[in-house]
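S.K.: Here you go, one structure.
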Amino acid sequence: MDKVTVVRLSVEGEKFEIIVKPDPALEFKLGKRKEVSGVLVSDEVYSDSNKGTRASTEKLMKAFKTTDSISIATIILQKGDLNLTTDQRRKMVTEKRKQIVDSIAKSFVDPRSHLPHPPLRIEQAMDDARISIDPFRNVDEQIKEIVEQLRSIIPLKSENMLLEVVVPAQFAAQSYSVLKSFGSLKNEEWQSNGSLKVILDIPAAARANVIDRLGSVTKGTASVEVSK
């Protein structure tokens, strides 16, 4: 496994590099670590780390308005490009790909059947379209362009539907957060007997998941119907 890697940042055409520990650096980039001290292999700032060429004081001052190496390293870590190890990239791409597939399956349907495509079919279509996943971009940023690429292989349509949901009083409080996690509440009424009645706007593909999840939370006592 790689013991060191590089973070690169260009500022007004000048290149700056720092040498870092791969896993702590990735944790920092993902917001899981705040301290820089455990990330750096050294506090040197390079213009070319492969050649061991250090960035000059003049270039550091011009680009960062300081020569303090820790301050500069922090900026490079925050804004620069981390050179992922092979193992890191594989794990991140695999995780991001799963999130994207799950999101498409929940948000889009086959317009011919109005049913969601199975995740395996979506994965195969992504393979056929040779879609590449950016491990650092969030799912929502990538979904739109990926769906456009997939449409030449499988039919996809984003459809929403309204569900009228009634939850008995004893399950109303815990069901409320579940309902909000699936979509937006267009209307909510707390009945005199303590039960909750809502109109829930969701992607059509999520209907089965809503029914299953509510059934689990309410022990099958919730009423779920398509709103007219």
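S.K.: Could you tell me whether THR53 is among the polar types (S, T, N, Q) and at pLDDT 95 or above? Break it down into steps so the answer makes sense when it comes.
M.R.: Details: among the polar types (S, T, N, Q): yes; at pLDDT 95 or above: yes.
It is true that THR53 is among the polar types (S, T, N, Q) and at pLDDT 95 or above.
S.K.: Let me ask something else. With the requirement that a residue be within 20 Å of LYS219 (Cβ to Cβ), assigned to a strand (DSSP E or B) and out of contact with any helix residue (DSSP H, G or I) (no Cβ under 7 Å at 6 or more places or on another chain), what does the stretch 165-189 give you?
M.R.: Once the filter is applied, which keeps residues that are within 20 Å of LYS219 (Cβ to Cβ), assigned to a strand (DSSP E or B) and out of contact with any helix residue (DSSP H, G or I) (no Cβ under 7 Å at 6 or more places or on another chain), the stretch 165-189 yields only VAL166.
S.K.: Another question about this same structure. One residue is enough: does the stretch 141-153 have a residue meeting the conditions in contact (Cβ under 8 Å) with a residue 60 or more places away in the chain, surrounded by fewer than 17 Cβ atoms within 10 Å (Cβ to Cβ) and among the hydrophobic types (A, V, I, L, M, F, W, C)?
M.R.: So far as the stretch 141-153 goes, no, none of its residues is in contact (Cβ under 8 Å) with a residue 60 or more places away in the chain, surrounded by fewer than 17 Cβ atoms within 10 Å (Cβ to Cβ) and among the hydrophobic types (A, V, I, L, M, F, W, C).
S.K.: So for the stretch 168-184 (the condition being surrounded by 15 or more Cβ atoms within 10 Å (Cβ to Cβ), free of Cβ contacts under 8 Å to residues at least 60 places away in the same chain, more than 14 Å from ALA206 (Cα to Cα) and in contact with a strand residue (DSSP E or B) (Cβ under 6 Å, 6 or more places away or on another chain)), does at least one residue qualify?
M.R.: yes
S.K.: Something else: Determine whether the stretch 200-210 contains at least one residue that is more than 30 Å from VAL93 (Cα to Cα) and open to solvent by less than 50 Å² (accessible area, probe 1.4 Å).
M.R.: Yes, some residue in the stretch 200-210 is more than 30 Å from VAL93 (Cα to Cα) and open to solvent by less than 50 Å² (accessible area, probe 1.4 Å).
S.K.: In the stretch 110-142, what count of residues is obtained for those that are more than 25 Å from GLN78 (Cα to Cα) and touching a Ser or Thr at 6+ places or on another chain (Cβ under 8 Å)?
M.R.: Step one: list which residues in the stretch 110-142 are more than 25 Å from GLN78 (Cα to Cα), which gives 110-131.
Now restrict to residues that are touching a Ser or Thr at 6+ places or on another chain (Cβ under 8 Å): 129.
Within the stretch 110-142, residues that are more than 25 Å from GLN78 (Cα to Cα) and touching a Ser or Thr at 6+ places or on another chain (Cβ under 8 Å) number 1.
The values are calculated or read from the model by the stated rules, or taken from the named source; none is laboratory data. Worth saying up front: this structure is predicted, and the values here are computed from it rather than measured. Cβ sites come from the backbone with ideal geometry, for glycine too, and all protein chains shown count toward neighbours. When the accessible area is computed, the model is the full protein with side chains, heavy atoms only, and any ligands, DNA or RNA have been set aside. Shrake-Rupley method; radii C 1.70, N 1.55, O 1.52, S 1.80 Å.
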